[in-house]
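Working notes for the structure below.
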Amino acid sequence: MKRNFLPLIFLTFFVLSCNKNSKNDTVTNHHSDTIATSNKEEKVESKESFNIESIPVSNQLTGSFPYFKMPENYVFRDPNHYNGDGQIKDIDREYFYVNGKYVMQEGKTFKADIRAEDSKKYNVLELQKSFDDLIFKLGGVKVNNGETLKEGEEESLAKSDPNAYTNGYLHSSNNWKDVHTYVIRTPENVLWIQCNYGSESAYLTVLQVSEFVNKMSILPASEIKNQLDKNGKAVLHINFDTDKASLSSEGKSAVAEIKKVLDQNPTMKVSMNGYTDNSGNKSHNLKLSDDRAKTVKTELENSGISSQRLISKGFGQENPIADNGNEKGKSENRRVEIVKI
């Protein structure tokens, strides 16, 4: 079997136009550290935080997301699988290492495992130098050069985002010691790249910073009534506060539409059936869905609908109506169904 050390320039670059929606974010840093840029180290002053604007703007990044192609005999694979070629999500989250500290970023992501084909021996140094070489040529900055997490970071994350691991937000930074993180800042975008090197494969995240755009809208009373008449139930995607049973302001508006239907049909009785996606713990999801269904019931009761006309029940992640393997499907599965009884 032939074993060749590939040149550093094997990472290639696709040239198309970048997406817009940049975001100047603040990166937390409590120590005096060094940042690698253009193959040399630049001293960064010790501050409680430093602004992403301290990273030089580069005009070298001209391509289409996710920008990078593997060297010959290396391939992208879907996370935790041996097939596919990586996963792209329009909105996602990842925790990046910056000088040994977690920094959360949100935006469009590409997440993949990097594996060597059968004819190639996986080589950590080769991949690391290839990323370094290409990203430095693109005007990028290295903000973590294999540093391990500082004491207290894991405990802090467990409190602030307890479902980060199960939700896939630690794809390239979970329980591994060799984490390399880069930032490329352009006039239009901020791009984060993180590669976590294991013994037989590497774990890559490319994130283009962008803000969440809510594409969900309130189902009007007339449509709720149409669905009830046609199907015996109406499917609503009611907004709750994240991982809680409390209604957001948009969620309260959605419940107000249910009330209109019940006011217009005074003999109608309905059940509020709550559902979640499959992220996180199954028992937690069951309780969360039950609590959310009860919240809708209580909101209707408080608005004047008799409790005798209402029941509620949670079903957790059971009975999905869409594929839980992607973010679009997950959002469809997080729902409350109003069912005639």
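The values are calculated or read from the model by the stated rules, or taken from the named source; none is laboratory data. In this text the structure is predicted, and so the values were computed from the model without any measurement. Note: ideal-geometry Cβ built from the backbone for every residue, glycine included; neighbour counts use all protein chains shown.
Overview of values
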| quantity | calculated |
| --- | --- |
| Per-region count, segment 313-327, residues modelled with pLDDT under 95 and either farther than 18 Å from Leu236 by Cβ or not in a loop (DSSP other than H, G, I, E, B) (or both) | 5 |
| Of all residues making up segment 162-193, the number that are within 24 Å of Asn281 (Cα to Cα), free of Cβ contacts under 8 Å to residues at least 60 places away in the same chain and of a type outside the set (Ser, Thr, Tyr) | 4 |
| Total residues in segment 248-285, condition assigned to a helix (DSSP H, G or I) and touching a Pro at 6+ places or on another chain (Cβ under 9 Å) | 2 |
| Scan of segment 94-120 for residues that are closer than 25 Å to Asn326 by Cα and surrounded by fewer than 19 Cβ atoms within 10 Å (Cβ to Cβ), ordered by number | Met104, Glu106, Arg115 |
| Matching residues, segment 169-187, being among the β-branched types (Val, Ile, Thr) and in a loop (DSSP other than H, G, I, E, B) | Thr186 |
| Single condition Lys252 does not satisfy, out of (1) surrounded by fewer than 19 Cβ atoms within 10 Å (Cβ to Cβ); (2) at pLDDT 95 or above | (2) |
| Some residue of segment 259-268 being under 20 Å from Asn163 (Cβ atoms) and surrounded by fewer than 20 Cβ atoms within 10 Å (Cβ to Cβ) | no |
| Selected residue (only one of Ile341, Ile311 is of a type in the set (A, V, I, L, M), loosely packed, with under 13 Cβ neighbours inside 10 Å and over 30 Å from the mean Cα position of the chain (by Cα)) | Ile341 |
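Residues are listed down the side, and each one gets a yes or a no for (1) touching a strand residue (DSSP E or B) at 6+ places or on another chain (Cβ under 9 Å); (2) at pLDDT 95 or above:
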site: Lys282; (1), (2): no, no
site: Thr298; (1), (2): yes, yes
site: Ser303; (1), (2): no, yes
site: Ile311; (1), (2): yes, yes
site: Ser331; (1), (2): no, no
